[in-house]
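Since the structure comes first, as structure tokens, the remarks are kept for the end.
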Amino acid sequence: MGATLPKAVEAAVVERHGSKGWGAAVAEINGWRTSMEDAHVIHMRDDWAFFGVFDGHGGQACSAFVSRRFHEELAQKGCPKDDSAVKQLVLGIDKEFMNSEQPSGSTGTMCIVHKPAKAGDRYVLRVINAGDSRVLLGRRDGTIVDGGGTDKGLTIDHKPDHPSERERIERCGGTVEIKEGNVARVNGDLAVSRSFGDRDYKKTGGPGPEDRPVTADPELFRFECDETDFLLLVCDGVSEGSFPNPEVVKFVADQLNAGVDPGVVARLTCLKAIEKDSKDNITCMIVQLTDASEMGKRVEFVPGPVTQIGHKGFRSAYEAMAQKGGISLAQAVARRYEVVQEELQKAPTDELRQELAKLGKTPPEGAAGSEERDAFFEKWLQNLPSEGDDNGMPGGLSGLGDLDIESLLGNKGKGKGPTPLPVAEAPAGRPSPSTSSTRQPVDDAAEKAEDGYSWSQQGDDVQITFKLDKPAAKRDVKVNFKPSELTVAVGNSTLLEGALGGKVETDECTWCLASAGAELQVMLTKKEAKDWNTLLK
């Protein structure tokens, strides 16, 4: 499967294409992988259309190349007239990529759709497949049209242990080995037996490209359907978890019948695949055989949760998706801030409250969509501590302006929590509170001013606030979380050090700078939701 992230990147890029007689929407979600390697083709004409999904592996070079070349060839030469022309087109593009000597490979599942020649005739589907992505045909009532392929699909997954695939692989000098997870792999490595690229698996056998351990030679099928039916083209990320083809079709049909926009449905299908334990990139394309002229062509970026944005890999993958959607990472985060606010009003959850705590309850600078708002979150990102580094723990951040987590710890984002006590200003030259004291117990959720800081608790959450003599930067702050101890330092001054009033979950503790760096907030998560009599023993 390859490397994965600490949390799935659920940000989506959604494309909608509409013309007379056709409507297609495709959603791409990065998911748990460290980068997005999928690509697609939507090429529509008056009486025919070509749709394709390409699932890359070993990098995105191959899928991107193949997608681009199909666009170019179809625009220049039109629809392949027969199966021989389809095969020539597919193998020709594969040869071009291999001649470029670039690494990586890609599966490809495609479908050419022909409109009926006259009233009463049916649509003709010319299905083209190389790899384990799939084409599915669904009816309006939510049932799948059994095409005789894998899990009732119109395509058959090309896996190394399929009898006819194994025969070719071994005849052409390759091997099929069962590896971890009981997965069959060509030469012990590649988990598909047909693909574009993957030149290292096409060196033996021959002389033709069809007779190689791994080949791009497409398997071709022909079906018919009605105008009320719909097509799905999906990468294996949709089906690799526990999301069978019939369930995918029913899920899509139910949403479409409820009047949900096809682009939204495609995105929700990808999210459902993650819920069903997919750990791969995910692409879902929905093709409807009805007029969609009003849809036109547009690309939309839909931001997903940013709770892990401090993690380098997560941030990189999220930013790549934002750029694919035509915006910057800062713009994506700014949009997510608005989404979180809206969703909290509709259906508040602990996850949303936690995310708002990271983004900050106080409205950031500028109006939504303004340059000021984007600049604010650009600076916010620059001050964000890296997860797992010496300055912070997973989930940590540096806030700006008045960003804090009070909405999570005290008011729970609803404005109904107890009113906190004023935060005491720390006296100049304050001593280090490194020794035990006779602090008084605090009431649940009430904020208590101590010598140089204040603190409050509610449930299993504890917040400690330090008013700093002068604004600090992220690099100045050192916070060391231990199960029963805490050390907080800014510059050369230790602000707090000692044994805590109880044990904490170190992986869930974090800190942030607020009020333009003039305030340091440290957030702890208790192992048990019991009140502490004192912060430090």
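The values are calculated or read from the model by the stated rules, or taken from the named source; none is laboratory data. No experiment lies behind these values; they were computed from the predicted model shown. Neighbour counts are summed over all protein chains in view; Cβ atoms, including those assigned to glycine, are modelled from backbone coordinates with ideal geometry.
Structure above, values below:
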item: Search result, residues across segment 95-116 that are at positive phi and either among the basic types (Lys, Arg) or in contact with a strand residue (DSSP E or B) (Cβ under 6 Å, 6 or more places away or on another chain) (or both); result: SER104
item: Any hit, segment 98-113, residues being in contact (Cβ under 8 Å) with a residue 12 or more places away in the chain, farther than 27 Å from LYS250 by Cβ, among the acidic types (Asp, Glu) and assigned to a helix (DSSP H, G or I); result: no
item: Residue count for segment 1-30, restricted to those that are in contact with a Ser or Thr (Cβ under 8 Å, 6 or more places away or on another chain) and surrounded by fewer than 24 Cβ atoms within 10 Å (Cβ to Cβ); result: 10
item: Qualifying residues in segment 176-197 (those that are without any contact (Cβ under 8 Å) to a residue 24 or more places away in the chain and in a loop (DSSP other than H, G, I, E, B)) - the one nearest to ASP132 (Cα to Cα); result: ASP189
item: Any hit, segment 132-145, residues being basic (Lys, Arg) and assigned to a strand (DSSP E or B); result: yes
item: Whichever residue in segment 354-375 is small (Gly, Ala, Ser) and buried (at least 18 other Cβ atoms within 10 Å of the Cβ) and, among such residues, is modelled with the lowest pLDDT; result: GLY360
item: In segment 288-339, residue surrounded by the most Cβ atoms within 10 Å (Cβ to Cβ) [restricted to those that are among the hydroxyl-bearing types (Ser, Thr, Tyr) and not assigned by TED's automatic domain parsing to the domain that holds HIS43]; result: TYR318
item: Matching entry among GLY259, GLY241 (being modelled with pLDDT of 95 or more and either touching a Leu at 6+ places or on another chain (Cβ under 6 Å) or in the same structural domain as SER104 (by TED's automatic domain parsing) (or both)); result: GLY259
item: Residue among VAL214, VAL252 that is under 22 Å from the mean Cα position of the chain (by Cα) and crowded, with 18+ Cβ neighbours inside 10 Å; result: VAL252
item: Cβ-Cβ under 8 Å pairs, at least 6 apart or on other chains, segment 210-235 side assigned by TED's automatic domain parsing to the domain that holds ASP55 and of a type in the set (Ser, Thr, Tyr), far side surrounded by 16 or more Cβ atoms within 10 Å (Cβ to Cβ) and outside any loop (DSSP other than H, G, I, E, B); result: THR215/ALA130; THR215/ARG168; THR215/ARG194
item: Check on LYS503, basic (Lys, Arg), out of contact with any Gly (no Cβ under 6 Å at 6 or more places or on another chain) and closer than 21 Å to LYS358 by Cβ; result: no
item: Exclusive hit being assigned to a helix (DSSP H, G or I), free of Cβ contacts under 8 Å to residues at least 12 places away in the same chain and surrounded by fewer than 18 Cβ atoms within 10 Å (Cβ to Cβ), set GLU378, GLU342, GLU351; result: GLU342
item: Residue ID - surrounded by the most Cβ atoms within 10 Å (Cβ to Cβ), chosen from residues in segment 236-249 that are touching a residue at least 12 places away in the same chain (Cβ under 8 Å) and among the charged types (D, E, K, R); result: ASP236
item: Number of the exception - GLU177 against (1) out of contact with any strand residue (DSSP E or B) (no Cβ under 8 Å at 6 or more places or on another chain); (2) more than 24 Å from ASP38 (Cα to Cα); result: (1)
item: Hey, ALA472 under 26 Å from LYS379 (Cα atoms) and out of contact with any Pro (no Cβ under 8 Å at 6 or more places or on another chain) or not; result: yes
item: Which numbered condition ASP277 fails, given (1) over 17 Å from ALA27 (Cβ atoms); (2) crowded, with 18+ Cβ neighbours inside 10 Å; result: (2)
item: Residue, surrounded by the most Cβ atoms within 10 Å (Cβ to Cβ), within segment 480-506, restricted to residues that are outside any loop (DSSP other than H, G, I, E, B) and in contact with a helix residue (DSSP H, G or I) (Cβ under 6 Å, 6 or more places away or on another chain); result: PHE481
